[in-house]
Amino acid sequence: MRVAIAGAGNVGLFIANDLVANGHTVLLIEQSPAVQQRADTTAGIEWHVADACEVSELRAAGLESCDVVVAATGDDEDNLVISLLAKQEFAVPRVIARVNHPKNEWLFNENWGVDLSVSTPHLITALVEEAVTVGRLVRILQFEGGQARLVEVTLANDSPAIDRALKDLDVPRDATIVAIVRHEHVVMPRGDSLFEPGDEVLAMVTPDSEEEVRRILTGR
């Protein structure tokens with residue numbers, strides 16, 4: 001997989017090194033030559049020193065050949081512009097954008113070419129809630145501008161799903177139970193899988209199905 005990363009700060013560099021270590025081809029776009037000179041990167045990363053907000057520079061970098069673009073600069077406005085150009089001008093299949101300021105998160109949607117946005121403060125909040133909350137549905141991640149959502153709930157003793165099989169829960173057609181974490185082991189759910197108190201249930205939902213899945217798993 002060929003991945004372009006805009007922004008060679010700490011976040012961009014970490015992602016680039018990690019992806020190369022996992023066997024992917026990485027193009028790192030950074031407008032500051034000084035940043036490139038002092039960067040500690042793994043061998044094999046391709047650099048393009050340029051402003052990633054300029055169409056001509058993205059074309060020179062060969063963005064049309066990338067499978068994924070990650071807008072990881074420290075500026076939300078730049079990340080939005082990069083995402084929009086990647087999607088509209090170069091038809092990149094997958095665009096992921098970093099949200100630096102949570103108040104801007106609502107902008108990072110399909111209208112700006114963003115398939116997945118990552119807001120570190122909101123993600124940390126969700127993970128804290130996921131770790132300490134029982135019987136409450138917690139939204140972990142959003143995809144496709146919020147049209148697809150990964151949610152989690154730790155089943156309480158009074159959950160209506162307890163001792164019932166997945167096939168009997170009447171999960172909406174536009175929702176899927178993707179995994180059950182039980183005693184630190186991942187269980188891939190099947191139709192006859194029974195739910196137990198304390199199970200951490202991960203589900204993919206849409207805005208229309210989220211409340212129904214909440215009711216099925218929590219009774220609320």
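The alpha carbon radius of gyration of the range 28-72, expressed as a multiple of 2.2 N^0.38 Å, is 1.15. Tell me, how many Å apart are the Cα centres for the range 52-118 and for the range 190-211? Here the answer is 32 Å between Cα centres. The share of C-alpha pairs in the range 156-220 whose separation exceeds 20 Å stands at 17 percent. Normalising the average separation of contacting C-alpha pairs (under 8 angstrom, six or more residues apart) by the number of residues puts the relative contact order of the chain at 13 percent. Each residue of the range 13-27 was assigned a 3J(HN,Hα) from its phi angle through the Karplus expression (A = 6.51, B = -1.76, C = 1.60, θ = phi - 60°), giving 5, 4, 4, 4, 4, 5, 5, 5, 4, 8, x, 8, 8, 10, 10 Hz with x at Gly and Pro. Residue ranking by accessible heavy-atom surface, 1.4 Å probe, largest first, among Val205, Val171 comes out as Val171, Val205.
With contacts taken as Cα pairs under 8 Å at a separation of at least 6 residues, the range 8-91 carries a relative contact order of 27 percent. Computed as a quarter of the hull surface, the mean projected area of the alpha carbon convex hull for the chain stands at 13.3 nm². Remark on Val92: its backbone amide H falls under 5 Å from those of Lys87, a criterion applied only to residues 5 or more positions apart or on other chains, H modelled at 1.01 Å from N.
Legend: Rg and Dmax of the range 1-115, from Cα coordinates, 12.9, 37 Å. Distance between the modelled labels on Leu194 and Ser65, one decimal in nanometres: 5.6 nm (7 Å Cα→Cβ projection). Qualifying GluC sites (Glu not before Pro) in the range 184-220, where qualification requires a DSSP coil assignment and no more than 13 other C-beta atoms within 10 Å, comprise Glu184.
Close amide H pairs (under 5 Å, H built 1.01 Å from N) link Val26 with Val3, Glu46, residues at least 5 positions away or on another chain.
The values are calculated or read from the model by the stated rules, or taken from the named source; none is laboratory data. Remember, it's a predicted structure, so these values are computed and weren't measured experimentally. Here Cβ is always computed from backbone atoms with ideal geometry, including for glycine, and neighbour counts include all displayed protein chains. In case anyone asks, the SASA skips ligands and DNA or RNA and just uses the protein heavy atoms, side chains included. Shrake-Rupley method; radii C 1.70, N 1.55, O 1.52, S 1.80 Å.
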